[in-house]
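The values are calculated or read from the model by the stated rules, or taken from the named source; none is laboratory data. Just so you know, these numbers come straight off a predicted model, no measurement behind them. We place every Cβ from the backbone using ideal geometry, glycine too, and count neighbours over all the protein chains shown.
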Amino acid sequence: MFVVVLVVGMGLVGVFYEAQLLAVTAWVFEHVGLAGLLAILFVSDSVITPVPPDAVLVVLSKSWVHAHWWIAIPLIGVLSTVAGNVAWLLSTKVGRARLPTLLFGRFRRLNEALVRRYGPWAVAMAALTPIPFSVTCWTVGILHMPWKHFGWVTLLRIPRFIGYYVAIAYADQLGRWLF
C-alpha cells in the first residue's frame, strides 16, 4: 500500500511541482554529492535515523545518476545490505547496553514481537517494505538471531531498491499520463 501511495504522491509532485522538485534535488546533489548521499544511506540503514533511504533515491532520480541507474541502484542496494549487516554486528556487541534500549526502546518492542514470531521473514519484510530496516537489523542482533538466518535475507534490499527507484524515478511520467 505504501508503495502505491508513494508512486501516486511522487507522480502528483512531479506533475504539479516539477520545477521545485528539480531545484531542491539539484541543490541537495550539488551540496552533498554522490559520496554524501551514499554516506547518508549507509548511516540510515546501519543506525537508527529519521531519514528514510527513499529520500536518497528521490535525489538520485533527478541527478546524472539516473542515466546509469541500472548499474548504480543495484550497487546502492548492496551498500544498504552491507549497512544492515553492520547494524546486526554492532547490535550483537552493544545491544545489551542501556544506550540502545534508550535510543529505540519503543521501536525495539514493536519489532521484537515481529522478529520473535516470524524470524528471518521479519527481516525479509523490513528489507522489502517501509518497515524501518535498521531497527529490524538492530533488533535481530540484540535477540542474537544467527547470521546464517539473517545475512542472506538482507540481500532482498537489492531488488527493493531497484523497484522503489523505478517507481520513484518514473512516477512523474505516470502522473503526466494519468493527469
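For segment 33-46, the condition of being within 17 Å of Val82 (Cα to Cα) and of a type in the set (S, T, N, Q) holds for at least one residue. Got a sec? Which of His144, His149 is part of a helix (DSSP H, G or I), over 16 Å from Ser46 (Cβ atoms) and modelled with pLDDT under 95? None of the other options fit; the residue is His149. I'm trying to understand the selection: among the residues of segment 131-151, which are under 16 Å from the mean Cα position of the chain (by Cα), closer than 13 Å to Ser91 by Cα and buried (at least 23 other Cβ atoms within 10 Å of the Cβ)? Passing the criteria: Ser134, Thr136, Cys137, Trp138. Checked against (1) crowded, with 17+ Cβ neighbours inside 10 Å; (2) under 26 Å from Ala72 (Cα atoms); (3) out of contact with any Ser or Thr (no Cβ under 6 Å at 6 or more places or on another chain), Ala122 passes all but condition (2).
Checked against (1) crowded, with 17+ Cβ neighbours inside 10 Å; (2) modelled with pLDDT of 95 or more; (3) under 28 Å from His68 (Cβ atoms), Ile162 passes all but condition (1).
Would you mention how many residues in segment 26-72 are of a type outside the set (A, V, I, L, M) and under 17 Å from Arg157 (Cα atoms)? Walk me through how you get there before you give the answer.
Pass one, segment 26-72, residues of a type outside the set (A, V, I, L, M): 27, 29-31, 33, 36, 42, 44-46, 49-50, 52-54, 61-64, 66, 68-70.
Next cut, under 17 Å from Arg157 (Cα atoms) only: 42, 44-46, 52-54, 69-70.
Residues that pass the stated criteria total 9.
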